[in-house]
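Each remark here refers to the structure printed beneath this line.
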Amino acid sequence: MILACHNLNKAFGEHTIVCDGSFHIEDREKAALVGINGAGKSTILKMIIGEEPLDGGDVILAKGKTLGYLAQRQDLTSGNTIYEEVKSAKADIFAMEAQLRSIEQELKSLTGEDLKNRLDTYNRLQSEYEAKNGYACESEITGVLKGLGFTEDDFSKQTDTLSGGQKTRVSLGKLLLTSPDILLLDEPTNHLDLSSIAWLETYLLNYSGAVLIVSHDRYFLNRVVTKVIEVDQAHIRMYMGNYKAYAAKKQQIRDARLKEYMNQQREIKHQQAVIEKLRSFNREKSIKRAESREKMLDRITPVEKPVESVREMHFSLEPSCISGSDVLTVEHLSKRFDSQQLFQDISFEIHRGEHVAIIGDNGTGKTTLLKIINQVVSADKGSFTLGSKVKIGYYDQEHHVLHDEKTIFDEISDDYPSLTHTQIRNTLAAFQFTGEEVFKQIRTLSGGEKGRVSLAKLMLSEANFLILDEPTNHLDITSKEILEEALNNYSGTVLYVSHDRYFIRQVAESLLIFDDQSVFYYPFGYEHYLAHRNQGSGEELAASLRAEEQALLSGLQSVPMPERHRLREYSTEQSYEDWQLRLLTEPMEQTRMELEQFWNARDEIQEWTDPAYAEDCLLKETALTDAYTKCCLAWYDKWAEFHPEPDKETGLLPS
């Protein structure tokens, strides 16, 4: 055992963070610390490293073991370059190397006993240098920096000029290179792109020490950890397995406790009914039996009803109107910042009902594309066109749509003045803002709280085209699941940037892949992409898809159905048949409805008395009936293509 926490206690005023909480970490174990936002996960990490004092309990680190900690926010003010800052993690090795070079120069002028003594020192240092892998030190630094998404051109940038996310990546690289016996990582995947997250997963899986991680990235936790430590209502519980196993086990325990509670309540009500009946007889013997049962009830230890650990968000996204089939058309778009070309001559289309995820490395222009569509920045070349009746709802990861000086209540009331005081209160309550919380200033909110305010405004916008930039940032896992459900039930169009692979897998039907200044449209989900991406990139990947997938690829971009996410559940052949028949079902149903409306609206009395009206009705009825028959025959012909009848003589299906 490398780390043990016994009977931890911590409170801030009346708010208890942890009460008599205990857990332990074994050597080489990879564990996750999970809980809702505000549960106290980061506080527990700070208690372990001594940054936050304990109210009670003990934190015990095994003798001689070292501990490394990555906080959510970093403040690098050393004046070093990125490479120099990370290199400082290996300062002892570089000092040893300098000492070896110095001794080598000394040896040239020494003789006799002095030479022998100095050689002994040199050999000892060289053995230690080799044991610490000194010869591979610089390549290790370069590998870590590139793994975390930095290019060699970035190595010379001053840390003082970096964004908060870049500073966190530098600090993470520096920490990994110190190789402590146990790593404490607070949201390490924040600010990492998909490639960097995958690299970090592999690094941690092969890491020789122990790791304790706070993260809301379910995909990452499923891949890396083998133990989950839950913080729930100030209590700590341990579960073996990854996050998926933990979630299943927790649900099983809750269901079992709820069943036990319901059974006990049923038995209590039964006994109370029997007692009441016995007393109603008003006989001495019956009264004694009733008293006996009452004593039995008093001896029952009540089972507490399981309660939810969080006030959950609850909301739905509904467009106020239906857009045209063509929602967004991008043609020959290019954008450059200074000497960096983000993308060049890109073109694609998005159609009504599609849920499209934009993926790619940091710095490829994903967020910039969203800002161009929202007219926050301008493109250098090319154009984009929004379709008929398209109404955009924009979620900005930096929450520029919010106003720091306003309260939460004013943020909503100023943008939606038609809402009553009660309606605003109810809306904010759906996003976990109740009581006096609605009068907090935006500038005082955490990242997660700002995210919830932005989601509230998004819901009220009733937009039919949602453009979302990292919508899951700062959301806890429960809130992510609620957002996933809301988006999957949304009938409009969604285009979003995300590095949360679990979220992408749940919500995206197709992908826009940013790669090497170009964009490739991939008409299948994230799991399909992962299975095929090793076959190449861009057009090479498209060419490698099977012929039947290509048939779906060529037409799937124009599917306007909001239900299209269901196609992911079928095989490619089933998806293609379903889609083709749906294309013919829509006009068939539309024509049938028009025919029914005509029958319901015509005036039979006027038909008898007005020959001109009767002739007009006959012509309309004939045209609608012919159109409906034509649609039905087209649907049947298409169905027959997928279900050919065998030859009557040979019994074989046509080739």
I'd like the trypsin sites (Lys or Arg not before Pro) in region 72-161 restricted to DSSP loop residues with at most 12 other Cβ atoms within 10 Å, sorted by number. ARG73, LYS108
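Got a sec? What order do ASP186, ASP361 fall in by accessible area at 1.4 Å, biggest, i.e. largest, first?
Greatest to least solvent exposure: ASP361, ASP186.
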Describe numerically, in nm with one decimal, the distance between label points set 7 Å from Cα along Cα→Cβ at SER156 and at SER102. 2.9 nm
Taking a ≥ b ≥ c as the square roots of the Cα gyration tensor eigenvalues, with a/c under 1.5 meaning rounded and otherwise prolate when a/b beats b/c, else oblate, which class fits the chain? oblate
Sorted by chain and number, the residues with a modelled amide H under 5 Å from that of GLU52, at a separation of 5 or more or across chains, are MET47
What angle do you read, to the nearest 10 degrees and between 0 and 90, between the alpha-carbon axis of helix 243-281 and the longest principal axis of the chain? 60 degrees
Could you give me the ³J(HN,Hα) list for region 188-201, computed from phi with Karplus coefficients 6.51, -1.76, 1.60 and θ = phi - 60°, whole Hz, x at Gly and Pro? x, 8, 4, 6, 9, 7, 4, 5, 5, 5, 4, 5, 5, 4
Rounded, prolate or oblate (a/c below 1.5 giving rounded, otherwise prolate when a/b exceeds b/c) for region 75-226 by Cα gyration tensor: prolate
With all protein chains in place and a 1.4 Å probe, TYR83 shows an accessible area in Å² (nearest 10) of 50 Å²
If R0 = 51 Å, then LYS63 and ASP415, at their Cβ-Cβ distance, give a FRET efficiency to the nearest 0.05 of 0.30
From the cross-link list LYS41/LYS146; LYS87/LYS132; LYS90/LYS174; LYS87/LYS108; LYS391/LYS480; LYS46/LYS157, the entries with a Cα-Cα span beyond 19 Å are LYS41/LYS146; LYS87/LYS108; LYS391/LYS480; LYS46/LYS157
So, taking all protein chains as they sit and a 1.4 Å probe, how much accessible area belongs to TYR69, in Å² rounded to tens? 50 Å²
Checked region 51-107 with the C-alpha gyration tensor, a ≥ b ≥ c its square-rooted eigenvalues, rounded below a/c of 1.5, otherwise prolate if a/b is larger than b/c and oblate if not; verdict oblate
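Rank these by accessible area, largest first, 1.4 Å probe: TYR636, TYR613.
The ranking, largest first, comes out as TYR636, TYR613.
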Rounded tilt (10° steps) of 477-488 against the dominant C-alpha axis of the chain: 30 degrees
Nearest 0.05, what FRET efficiency do ILE322 and ASP232 give at R0 = 41 Å with Cβ-Cβ as r? 0.45
Over the chain, with the other protein chains present, what is the accessible area per residue in square angstrom, probe 1.4 angstrom? 52 Å²
Tell me, what ³J(HN,Hα) does each residue in region 80-85 have, in order and in whole Hz, if you take phi through Karplus 6.51 cos²θ - 1.76 cosθ + 1.60 with θ = phi - 60° and put x for Gly and Pro? 6, 7, 4, 5, 5, 5
About its Cα centre, what dipole magnitude does region 309-450 give when the only charges are +1 on Lys and Arg Cβ and -1 on Asp and Glu Cβ, stated in debye to the nearest 20? 140 debye
If you roll a 1.4 Å probe over the chain with all protein chains in place, what percent of the accessible area is carbon or sulfur? 49 percent
Efficiency of FRET from Cβ geometry, LYS285 and VAL401, R₀ 56 Å, rounded to 0.05: 0.15
If I ignore ligands, DNA and RNA and count only protein heavy atoms, how much of ARG443 is accessible to a 1.4 Å probe, in Å² to the nearest 10? 130 Å²
Hey, can you grab everything whose amide H is under 5 Å from the amide H of ASP515? Only 5+ residues off in sequence or another chain; H modelled, so Pro and N-termini drop out. PHE520
MRE, 222 nm, helices only [DSSP H, n ≥ 4, -39500 (n - 2.57), over the chain, to nearest 500]: -15000 deg cm²/dmol
Long-range amide H partners of LYS391, meaning residues 5 or more apart or on another chain whose placed amide H is closer than 5 Å, are ASN464, PHE465
In whole Hz and in residue order, list the ³J(HN,Hα) couplings for region 215-230 that follow from phi through the Karplus curve 6.51 cos²θ - 1.76 cosθ + 1.60, θ = phi - 60°; x for Gly and Pro. 7, 10, 8, 5, 4, 4, 5, 4, 7, 9, 8, 10, 8, 10, 10, 9
Sorting ILE236, ILE467 by accessible area (1.4 Å probe), largest first, what list results? ILE236, ILE467
About the Cα centre, charge dipole magnitude for the chain (Lys/Arg +1, Asp/Glu -1 at Cβ), debye: 3100 debye
Taking Cα atoms, how many degrees apart are the long axis of helix 91-107 and the longest axis of the chain, rounded to 10 and kept between 0 and 90? 40 degrees
Mind checking which lysines have their Cα closer than 20 Å to the Cα of LYS288? Skip sequence neighbours fewer than 8 apart in that chain. LYS269, LYS277
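The values are calculated or read from the model by the stated rules, or taken from the named source; none is laboratory data. Remember, it's a predicted structure, so these values are computed and weren't measured experimentally. Note that we place each Cβ from the backbone using ideal geometry, even for glycine, and neighbour counts take in every protein chain shown. Keep in mind that these areas ignore ligands, DNA and RNA; they rest on the heavy atoms of the full protein, side chains included. Shrake-Rupley method; radii C 1.70, N 1.55, O 1.52, S 1.80 Å.
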